[in-house]
Amino acid sequence: MAEPSGGSVLDRCKGVGFGPWLTREVLYEIEMLFRTSDQLTAELHADFAPPHEVAMALIESFAIHARALIHFLWRDRGHPEDGFAAEYFVPGGWAELRPDKEATIRGIDDRVGAEIAHISYKRIRVTDDERWWRYGQIAASIGRCLREFIKHAPGEMLIENFRSRAWHAMPVELRVPIAMSWPADDQPRPVATAAFPLDAPRPSPAFRPPRLG
């Protein structure tokens, strides 16, 4: 298959043989989102902390990948060279499948813009407590929407092994029909659930729910 060139992303995505190329980039974003989240989680339980600049680079990388996927999943249009999940479905089809944004990811776009992408006066007004990134919760919220795209996007519009690689990039708890979700008020509560994985488990750090109390 030849590399696409020229025209808008929408034209390339809908063109015969061009659809898979965009999902190569989507897969990269998925893998990076969950790998950086895993690394940040591992840091919390490590015996030593990485240098400050390394930790900050990891957080900023996670935030950029999170914003890219939020735009891809929840926007239907934008810059003519940007791609969107909605382009893989009949008009209105993706809007019926995707879940609403959860509380954990509302406002991420503004945060990334003000705290990372721009030298903004908003940074001055952000308190130390507000600077924390709840990367595990953010990744999980995005992952619950990604599940629908991975399951329902037409196979002919995906690169080879897209589904299997995307599933394996996600934590086991996100690859089950029922999984832990954060309530709308963003306050964790103890829950119990049982389900069967949609794919074989992947090696990953153990899932650690937040401490209660």
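Read-outs: derived from the displayed coordinates by stated rules, not from any lab. Computed from a prediction, not measured in an experiment: that's the story for all the values here. So basically every Cβ, Gly included, is an ideal-geometry build from the backbone, and we count neighbours across all protein chains shown.
Cβ-Cβ distances below 9 Å connect the following pairs, each with a first residue in segment 67-90 that is over 16 Å from VAL112 (Cα atoms), a second residue that is of a type in the set (Lys, Arg) and assigned to a helix (DSSP H, G or I), and a separation of six or more residues or different chains: GLY83/ARG12; GLU87/LYS14. The set of residues from segment 73-109 being surrounded by 12 or more Cβ atoms within 10 Å (Cβ to Cβ) and of a type in the set (Asp, Glu) comprises ASP76, ASP82, GLU87, GLU102, ASP109. Counting only residues that are in a helix (DSSP H, G or I) and of a type in the set (Ser, Thr, Tyr), segment 108-143 holds 2 of them.
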